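Below you'll find the structure, written out as structure tokens, and then a few comments.
The values are calculated or read from the model by the stated rules, or taken from the named source; none is laboratory data. Please read these numbers as outputs of a predicted model, since none were measured by experiment. Every residue, glycine among them, receives a Cβ derived from its backbone with ideal geometry; neighbour counts consider all protein chains shown.
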Amino acid sequence: METLFIHSIAQTKQDFFKDNIDQFSEVNPHAYYAMETLAQKIGLETYQTFFVNSIVDFSSFCTSIVARMQNGTIIHARNLDFDFPDVLNRLVYLALYKVDGKIAAEAPSIAGYIGSYTGLRYDSFTVSYNVRFIRNLSNIEINMEKELAGVIPTAQLIQETLIQEGINFKQAVQKLSNTEINTPCYIIVGGIQKNDGIVITREREGVNHTNQLSDEQWYVAQTNMDYWLNKDVRYEQTKEGLDKVGQEAINLDNIVKQVLWQDGVLQSITIFSASLSAALNKNDIYLIKNENRYNLYSE
């Protein structure tokens, strides 16, 4: 992955990591020592693994949905879209998180990356992360300057939230809404109660927009743009797919196969699709390889 990214990212951005790697060890020791260990195992310098780990903050595309089934069950689904799918597809695995010695959460993950971009906390909540493209705020230099100042990357914040002892949906939403982060993004959270579903539109500090399930609204969806300000074709296609299936028929299977996999929503760079539910404690992960799609658990 490092070799591939070198050809697509400016040298000045790479130099930023090389010049500041020692400071990362002070402000984010968890990520630093994980990246240092990875670098030693695969024969790279620590700044190179740190550099690759930060790519997702500004170069990723995703679609996320939280929906309420006819029987009231909350389900959550997402496409994770990124560059170099043929490589990243082979690095997907399921991370299991232990709290007090018991597995309490799980997260579809990509080997070599710190934090979580998708996750399920059993009997509590589900979460996904989408990059936000607006006003050129998704800028790697600003993201890293924030991190050098001690601000947590969003993926690490999500991971911390997944393993927080005794956390529930409302507490997760509060934490994911109010903790300062290093990059603008969308954080999508589903729970177990009737209206437990929300898209949180984040600035680095605070929230400037939310969209939540209600008695009248049975789903919320998000792609990578502020669709309420600018038309987003992928968002509109996602909505059309959900409306076509309808609340009466929506479930963990067809929210992927009939909505996320429809033309215009599924991308050539989709790494995996996932459907999750904290109410059902279920998490299906579908790998995408060219025209082939299969459940990770069937491998």
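On the given criteria, is Glu165 over 23 Å from Ser273 (Cα atoms), modelled with pLDDT under 90 and acidic (Asp, Glu)?
Details: over 23 Å from Ser273 (Cα atoms): yes; modelled with pLDDT under 90: no; acidic (Asp, Glu): yes.
Answer is no for this residue.
Which condition number in (1) buried (at least 20 other Cβ atoms within 10 Å of the Cβ); (2) out of contact with any Pro (no Cβ under 7 Å at 6 or more places or on another chain); (3) within 16 Å of Val131 (Cα to Cα) is the one that Arg202 fails?
Of (1) buried (at least 20 other Cβ atoms within 10 Å of the Cβ); (2) out of contact with any Pro (no Cβ under 7 Å at 6 or more places or on another chain); (3) within 16 Å of Val131 (Cα to Cα), only one is false for Arg202: (2).
Can you tell me which residue among Glu205, Glu216 is in the same structural domain as Glu180 (by TED's automatic domain parsing), modelled with pLDDT of 95 or more and among the charged types (D, E, K, R)?
From the options Glu205, Glu216, the qualifying one is Glu216.
When only residues in the range 128-162 that are modelled with pLDDT under 75 and over 19 Å from the mean Cα position of the chain (by Cα) count, which is surrounded by the most Cβ atoms within 10 Å (Cβ to Cβ)? Before you say what the answer is, go through the steps one by one.
Within the range 128-162, the subset modelled with pLDDT under 75 is 134-144.
Then drop every residue that is not over 19 Å from the mean Cα position of the chain (by Cα), which leaves 135-136, 141-142.
On the way: Arg135: 9, Asn136: 7, Glu141: 11, Ile142: 16.
My answer is Ile142.
Among the residues of the range 203-228, write down those that are part of a loop (DSSP other than H, G, I, E, B) and free of Cβ contacts under 8 Å to residues at least 12 places away in the same chain. Give the steps one after another, and end with the answer.
Start the filter on the range 203-228 by keeping residues that are part of a loop (DSSP other than H, G, I, E, B), which leaves 203-206, 213-218, 223-228.
Listed by number, the residues that qualify are Glu216, Gln217, Tyr227.
Just to be sure before I move on: is Gly197 surrounded by 15 or more Cβ atoms within 10 Å (Cβ to Cβ) and either touching a residue at least 24 places away in the same chain (Cβ under 8 Å) or touching a helix residue (DSSP H, G or I) at 6+ places or on another chain (Cβ under 8 Å) (or both) in the structure I sent?
Details: surrounded by 15 or more Cβ atoms within 10 Å (Cβ to Cβ): yes; either touching a residue at least 24 places away in the same chain (Cβ under 8 Å) or touching a helix residue (DSSP H, G or I) at 6+ places or on another chain (Cβ under 8 Å) (or both): yes.
The answer is yes for Gly197.
What are the residues in the range 81-134 that are of a type in the set (D, E, K, R) and under 18 Å from Thr63 (Cα atoms), if any? Even if it seems obvious, please write down each step before you answer.
Of the residues in the range 81-134, the ones of a type in the set (D, E, K, R) are 81, 83, 86, 90, 98, 100, 102, 106, 121, 123, 132.
The answer is Asp81, Asp83, Arg132.
So in the range 18-62, with the set limited to residues that are closer than 30 Å to Gln247 by Cβ and buried (at least 19 other Cβ atoms within 10 Å of the Cβ), which one is modelled with the highest pLDDT?
Checking each candidate, the answer is Cys62.
Test Val87 against the stated conditions and say whether it is under 14 Å from Met1 (Cα atoms), at pLDDT 90 or above, under 20 Å from the mean Cα position of the chain (by Cα) and assigned by TED's automatic domain parsing to the domain that holds Gln247.
Details: under 14 Å from Met1 (Cα atoms): yes; at pLDDT 90 or above: no; under 20 Å from the mean Cα position of the chain (by Cα): yes; assigned by TED's automatic domain parsing to the domain that holds Gln247: yes.
No.
Within the group Glu240, Glu248, which residue is within 30 Å of Asp86 (Cα to Cα), charged (D, E, K, R) and surrounded by fewer than 17 Cβ atoms within 10 Å (Cβ to Cβ)?
Details: Glu248 fails: within 30 Å of Asp86 (Cα to Cα).
The match here is Glu240.
Of the residues in the range 250-269, how many are part of a loop (DSSP other than H, G, I, E, B), touching a residue at least 60 places away in the same chain (Cβ under 8 Å) and more than 22 Å from Gly191 (Cβ to Cβ)? Before you say what the answer is, go through the steps one by one.
Of the range 250-269, the ones part of a loop (DSSP other than H, G, I, E, B) are 250-253, 261-262, 264-265, 267-269.
Then drop every residue that is not touching a residue at least 60 places away in the same chain (Cβ under 8 Å), which leaves 250-252, 265, 267-269.
Subset that is more than 22 Å from Gly191 (Cβ to Cβ): 265, 267-269.
Total satisfying the criteria: 4.
Given the criteria free of Cβ contacts under 8 Å to residues at least 40 places away in the same chain, touching a Gly at 6+ places or on another chain (Cβ under 9 Å) and small (Gly, Ala, Ser), does Ala105 qualify? Step through it out loud before you land on a result.
Values: free of Cβ contacts under 8 Å to residues at least 40 places away in the same chain: no; touching a Gly at 6+ places or on another chain (Cβ under 9 Å): yes; small (Gly, Ala, Ser): yes.
No; evaluated as a whole, the condition is false for this residue.
Could you figure out which of (1) surrounded by 14 or more Cβ atoms within 10 Å (Cβ to Cβ); (2) in a helix (DSSP H, G or I) isn't true of Ile65?
Every condition holds for Ile65 apart from (2).
Tell me the residue from Arg121, Arg90, Arg68 that is closer than 24 Å to Arg293 by Cβ and of a type in the set (Lys, Arg), please.
The unique qualifying residue is Arg90.
Can you go through Asn281, Asn211 and tell me which one is touching an Asp or Glu at 6+ places or on another chain (Cβ under 7 Å), at pLDDT 95 or above, within 16 Å of Ile74 (Cβ to Cβ) and surrounded by fewer than 22 Cβ atoms within 10 Å (Cβ to Cβ)?
Details: Asn211 fails: touching an Asp or Glu at 6+ places or on another chain (Cβ under 7 Å).
One residue alone meets the criteria, Asn281.
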